[in-house]
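The values are calculated or read from the model by the stated rules, or taken from the named source; none is laboratory data. If you're wondering where the values come from, they're calculated on a predicted model, not measured in any experiment. Here the Cβ positions follow ideal geometry from the backbone for every residue, glycine too, while neighbour counts run over all protein chains shown.
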């Protein structure tokens, strides 16, 4: 009965391997055929990485297939034989050129069949890697077997455990029943007296996780650490416990830091450890076979202890157990580390972040202070410029008022004196008297105009000036004002042309103020136009607005002057030596802009130096009721306004 059970088991095992066991394959036709046999399962990261490294390095030269003994899962008697039978069935006719074995279990099994003429392994070239014990070969075996030994040297790892974190006096070595764990155990026995500080180590060994957990539960975590090297099963019939589950279950029963030699445990929560670089080992194995093919004499090799060693540490686990990164081996690879994570002891990180915060705060403060100082300096500079501008305006105002008041006063006084002389001499010449009285009247108007402008400026600035609106045909008003200055313009050989697209545009305006605006602008056009030029006054209706355009062919103005055109005391004088060519206070356009804005309108200017100027007035079309119309009072006539606005045009 027992023999039948064994037979059934062997048959089932063979079927499982043929149809279920994963096979890694790197294929290329007409290449050397390589079979890689791992000791553990396809889930073993180290063996899989060796296979990948070999396959990538030799993909253009070798056809690579891989099988896994899975020695951890199947410990039943007869399992290894069934595995060999499986390989015989599968690869008997495959003409495998080289067999690569990974770790001790696979090597020992394949080595045992080297001279079995019933096996496909018979006298095949065998390359081993990951074998932990020294290999003594017979003369016949040495013809076929070559490889790379893995000699355990855990001194650097022990020193890291003892110094990188909190004080450790006891190291608990978690092992399984594999040959690998046996060699780790032997190595620890040799290193106890050569570590950087004295320590005690304790062996916890077994095949099942529950047995391991029971031994750990009673251990005090104070000054202790775990060095995890084994893999375990839950039960006889179960597979190997996943690395994530194993780490989680250990962390549930103990707070001891967990170090390891197996890479998969690091990715699943262990602190870290010095692991072998399987990918690099795979590349070296491929190179070794390259040399065998070309006939080089190759012997079994023991690489330097750090040839394939990589320190890998889990930053998240390091933070949890307060591991000092400065005490870890050089060239350590960190996983789960973000770009801003610092490789410093935990207590230093808070200090560094605090100092960094202070520095950033200081820099931000300096930047803020610098910005504030710049703003203050800019403000002070603006205040200085404004102060200088005010001083200049004050000086200009004094010069202007002295000129604008004294000149007409001198003319009035002189003309009056002449008339008095004539009266004393009893020499009354009517024509002479009329000329002198005209001078007196004209300069009196200049004085009155200037005084009125000063008063209007104050009213506009204080908001006391208002408009008396009446519904008017603005076309007629602008046309009348234009026609009123035609004769004066002809004296200077200047043509004034009026044109309109609409004969009637009724809107609410303050007639006196609109007339004053038009007269002021026409006065400026005459002042700054040379003889023989033209002035155009155009009107049109655009949507709900009336547009008045006054353009000339005068001297124009610069862009810089345009930006200050509507400011107080700004004049477009053209100086000839010390003589001002055009009279004016510099208040007219400031008042014009204010009057237009009282009508909710806008005034714009288009001008280029020596190419003329166009003034564009835009007024909204609106109507007022009759009551507002009845309150309208006419203060002055157009003739009076004309005399006032043109009182400073004597000659050009």
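Each residue in segment 108-136 was checked for being part of a loop (DSSP other than H, G, I, E, B) and surrounded by fewer than 23 Cβ atoms within 10 Å (Cβ to Cβ), and 16 pass. Looking only at segment 280-324, residues that are under 41 Å from the mean Cα position of the chain (by Cα), part of a helix (DSSP H, G or I) and either modelled with pLDDT under 85 or surrounded by fewer than 20 Cβ atoms within 10 Å (Cβ to Cβ) (or both) come to 5 in all.
When you go through 334, 432 one by one, which is the residue that is in contact with a helix residue (DSSP H, G or I) (Cβ under 9 Å, 6 or more places away or on another chain) and closer than 30 Å to residue 308 by Cβ?
On the way: 432 fails: closer than 30 Å to residue 308 by Cβ.
When all the criteria are applied, what remains is 334.
Here 254, 260 are screened, and the one residue that is touching a strand residue (DSSP E or B) at 6+ places or on another chain (Cβ under 6 Å) and closer than 17 Å to residue 172 by Cβ is 260.
If only residues of segment 337-354 that are under 28 Å from residue 278 (Cβ atoms) and in contact with a helix residue (DSSP H, G or I) (Cβ under 7 Å, 6 or more places away or on another chain) are counted, the one that is modelled with the highest pLDDT is 337. For segment 161-251, the strands (runs of 3 or more DSSP E) that sit wholly inside it and include 3 or more residues that are at pLDDT 90 or above and under 47 Å from the mean Cα position of the chain (by Cα) are 224-228. For residue 455, the conditions (1) out of contact with any helix residue (DSSP H, G or I) (no Cβ under 6 Å at 6 or more places or on another chain); (2) over 20 Å from residue 587 (Cβ atoms) all hold with the exception of (2). Among the candidates 80, 105, 67, which residue alone is surrounded by 14 or more Cβ atoms within 10 Å (Cβ to Cβ), more than 59 Å from the chain's Cα centre (by Cα) and not in a loop (DSSP other than H, G, I, E, B)? Being surrounded by 14 or more Cβ atoms within 10 Å (Cβ to Cβ), more than 59 Å from the chain's Cα centre (by Cα) and not in a loop (DSSP other than H, G, I, E, B) holds for just one of 80, 105, 67, which is 80.
Candidates 373, 331: the one that is surrounded by fewer than 10 Cβ atoms within 10 Å (Cβ to Cβ) and over 30 Å from residue 450 (Cα atoms) is 331. Is it the case, given these coordinates, that residue 431 is outside the structural domain of residue 544 (by TED's automatic domain parsing), exposed (fewer than 10 other Cβ atoms within 10 Å of the Cβ) and at pLDDT 80 or above? Against the criterion (outside the structural domain of residue 544 (by TED's automatic domain parsing), exposed (fewer than 10 other Cβ atoms within 10 Å of the Cβ) and at pLDDT 80 or above), residue 431 qualifies. Within segment 265-279, the set of residues being at pLDDT 90 or above and assigned to a helix (DSSP H, G or I) comprises 265, 266, 267. Among the residues of segment 596-623, those that are in a loop (DSSP other than H, G, I, E, B) and either at pLDDT 90 or above or closer than 15 Å to residue 520 by Cβ (or both) comprise 599, 600, 601, 621, 622, 623. If I ask for residues that are surrounded by fewer than 16 Cβ atoms within 10 Å (Cβ to Cβ) and within 19 Å of residue 151 (Cα to Cα), which ones from segment 194-224 would you list? The one that is surrounded by fewer than 16 Cβ atoms within 10 Å (Cβ to Cβ) and within 19 Å of residue 151 (Cα to Cα): 194. Considering segment 484-504 alone, what residues qualify as being under 28 Å from residue 533 (Cβ atoms) and either outside the structural domain of residue 547 (by TED's automatic domain parsing) or part of a loop (DSSP other than H, G, I, E, B) (or both)? Within segment 484-504, 485, 492, 493, 494, 501, 502, 503 meet the criteria.
Given the condition assigned to a helix (DSSP H, G or I) and either at negative phi or at pLDDT below 80 (or both), answer yes or no: does some residue in segment 463-472 qualify? Taking every residue of segment 463-472 in turn, none turns out to be assigned to a helix (DSSP H, G or I) and either at negative phi or at pLDDT below 80 (or both).
Among residues that are assigned to a helix (DSSP H, G or I), touching a helix residue (DSSP H, G or I) at 6+ places or on another chain (Cβ under 7 Å) and in the same structural domain as residue 540 (by TED's automatic domain parsing), residue 519 is included. Looking only at segment 252-272, residues that are surrounded by 22 or more Cβ atoms within 10 Å (Cβ to Cβ) and farther than 23 Å from residue 215 by Cα come to 1 in all. When the residues of segment 479-506 are filtered to those that are under 20 Å from residue 622 (Cβ atoms) and in contact with a strand residue (DSSP E or B) (Cβ under 6 Å, 6 or more places away or on another chain), the one that is surrounded by the most Cβ atoms within 10 Å (Cβ to Cβ) is 505. Restricting attention to segment 263-297, the residues that are at positive phi and not assigned by TED's automatic domain parsing to the domain that holds residue 319 total 1.
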